[in-house]
Amino acid sequence: MLNKFIPISLVVLLSACTATIPPAFQQDRTPEERDQYNGLEGMVQQQKDQNYLMKKELADKCSQAQVNLIIAQNDKNESEIIKMENLINSTCLN
């Protein structure tokens with residue numbers, strides 16, 4: 001009886017271990033919404049997501065600075081024009 005119980009319990013234990021491994025990252029979410037990363041694959045994805053988010057933030061800042069530059073040019077505000085040109089030069093990846 002004990003000889004049959006040990007192999008069955010090992011099979012159940014091994015299958016339970018593989019069933020509890022979480023996914024590497026939340027594939028159903030966008031990079032902005034992901035907050036859980038597991039294992040090596042998850043860490044690689046986290047680096048990709050951070051890179052994407054940094055590029056997106058720079059692109060957003062660049063776009064906003066370009067809009068503000070046009071407004072400053074229309075208002076003939078020289079100090080704001082210089083400020084926005086500097087911001088564009090530091091954020092736009094042209």
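The values are calculated or read from the model by the stated rules, or taken from the named source; none is laboratory data. Because the structure is predicted, anything quoted here is derived from the model rather than measured. Glycine gets a Cβ as well: all are built from the backbone with ideal geometry, and neighbour counts include every protein chain shown.
Remarks
- For the stretch 22-39, the set of residues classified as touching a residue at least 12 places away in the same chain (Cβ under 8 Å) and of a type outside the set (Phe, Trp, Tyr) consists of Pro22, Pro23, Ala24, Pro31, Glu32, Arg34, Gln36, Asn38, Gly39, listed by residue number.
- Residues being surrounded by 14 or more Cβ atoms within 10 Å (Cβ to Cβ) and over 27 Å from the mean Cα position of the chain (by Cα) - total across the stretch 61-72: 3
- Which listed residue, of Leu2, Leu58, Leu14, Leu10, is modelled with pLDDT under 95 and surrounded by 12 or more Cβ atoms within 10 Å (Cβ to Cβ): Leu58
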